[in-house]
Amino acid sequence: MPSLAHAYSFDPRHGHTRESLLKVPAPTAPGDFEEFWRARYEEARAVDTAPELGPVEEERDGVRVHGVTYTSVGGVRLGGWVALPYGPVPGGAPTAGSAGPARYGFVVGHGYGGRDRPGPDLPLPLPGAAAILPCVRGMGTRGRVTGIPDTADAHVLHGIGARDTYVIGDCVADLWCAASALLTLLPELDRPEAPRLGYLGESFGGGLGALALPWDARFGAAQLTVPTFGNHPLRLTLPCTGSGEAVRAHHRAHPEVTEVLAYFDAATAATRLTVATLVAAALFDPAVPPPGQFAVYNALAGVRELQVLTAGHFAYRGMVEEIRALRAHRERFFGEHL
C-alpha cells in the first residue's frame, strides 16, 4: 500500500489493509428493514413526476444537456439536468440530424457538495445513452428546499430523530422519482422485461444508490464510487472529515440515534442488492472511512466487481491514471450488464 503524506490527526486508513477491508461485514438489519424501504419505494412510484425539459444549456460528449424539473415525494419540485444523445458519440459513429431514441438511461447521483452543473459526470459510460442528473432535496443549485439545510454537516442531521423524517430517506426517494421522470421523457427505455437503466453515484450519491437500488427493478447495473453510509455502527467509531463526523458528534449527545441509522445503512441495504454492481473503494480516505466503503462491496448479493483506489477525497500521485482506468472499467462493465 503506497504511503501518502497527510496532516490529519487520524489515520485515514484506520489501520486497515486491503485484506482486512475485504472482511468488514454489514450490520444486521432491523426486523422490518425491507418493509420500511418497500413502502417508501411504493410511495415514490405513485408520484406523478411531471418532468419539464428546459432549453439546451450545453452540447458536448455526444449529448445535449437540458435543464429539467420534476416532482418528488411530498410534492417537492426539484431540478437538475437531462443529457440526451446527439451528434458525435465518443467511441461511436456520429448521429445525423436531431437526437434519436436513447438506447440506455442513467440516473447520476452527486456527492455531498451537490452539483451546479453536470461537470465530470459526462461523458456517460455507453454510446447512445441518456441521463438525468438530479439535485436531491437540499443540495446543489437546483435542489434548494426551504427548511432543509444546504451544507453537508447540517443536511446529514436533518430529521434524524426518526426514520420517517430523516432527510436521507427522502433523498433516496428523489432518485427513484428522477428515474420515473427520465422514463416519462424517454418511454422507449421503459422496458420491465429488460432493464435499460444504470445508476452512477459517488460518495453521498454512492450511499444513496446502495439504499435505493435493492427495491427498484428498473435498474440493470450500477457503479458506486467511494460509497458512504456503510456500516454505521463502525463509522460511529471512526473519525473523518466528512458528514460522518457530524453524525458522530450528534451520536455522542443522542446515542439513541443508532436505532434510526440502522434503517439507512448502505452495507445493510447491499445485502439485498442483486443488481450487477461495480464498486470503486479506496484504501485511504479522510472523508469516507474505507471500512464503510468496503462493507458495501462485501455485502453485495449479486454480480459484483471491485476496483481498488489508492485514495478517495484526496489528491495523490497517479490519481489521473486511476480515474482513467476506472472509466474504462465502467464502460466494459455497463456494456456487459445493460
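I'd like to compare 220-231, 101-112: which one has the highest average count of other Cβ atoms within 10 Å, and what's the full order after that?
Sorting 220-231, 101-112 by mean packing, highest first, produces 220-231, 101-112.
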Worksheet, complete the sentence: By the C-alpha gyration tensor axes a ≥ b ≥ c (rounded if a/c is under 1.5, else prolate when a/b exceeds b/c, else oblate), the shape of region 157-235 is prolate
Worksheet item: Mind checking the angle between helix 319-337 and the chain's longest principal axis? C-alpha axes, 0 to 90 degrees, to the nearest 10.
Response: 60 degrees
Worksheet item: How do 308-314, 23-29 rank on mean C-beta neighbours within 10 Å, highest first?
Response: 308-314, 23-29
Worksheet item: For region 18-337, what does the equivalent ellipsoid look like in terms of its semi-axes, each the square root of 5 times an eigenvalue of the Cα gyration tensor, given largest first in whole Å?
Response: 29, 22, 18
Worksheet, complete the sentence: Given Cβ charges of +1 for Lys and Arg and -1 for Asp and Glu, the option among G67, I148, P286 whose Cα lies farthest towards the positive end of the dipole of region 18-337 is P286
Worksheet item: Under the classification rounded if a/c is under 1.5, otherwise prolate if a/b is larger than b/c and oblate if not, where does region 233-332 fall, given a ≥ b ≥ c as square roots of the Cα gyration tensor eigenvalues?
Response: oblate
Worksheet item: Extension gain D190-E259, at 0.36 nm per residue separation less the Cα-Cα distance, in nm?
Response: 21.2 nm
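Here, each number is a calculation from the coordinates, and none is a lab measurement. Quick caveat: nothing in here was measured; it's all calculated off a predicted structure. Glycine gets a Cβ as well: all are built from the backbone with ideal geometry, and neighbour counts include every protein chain shown.
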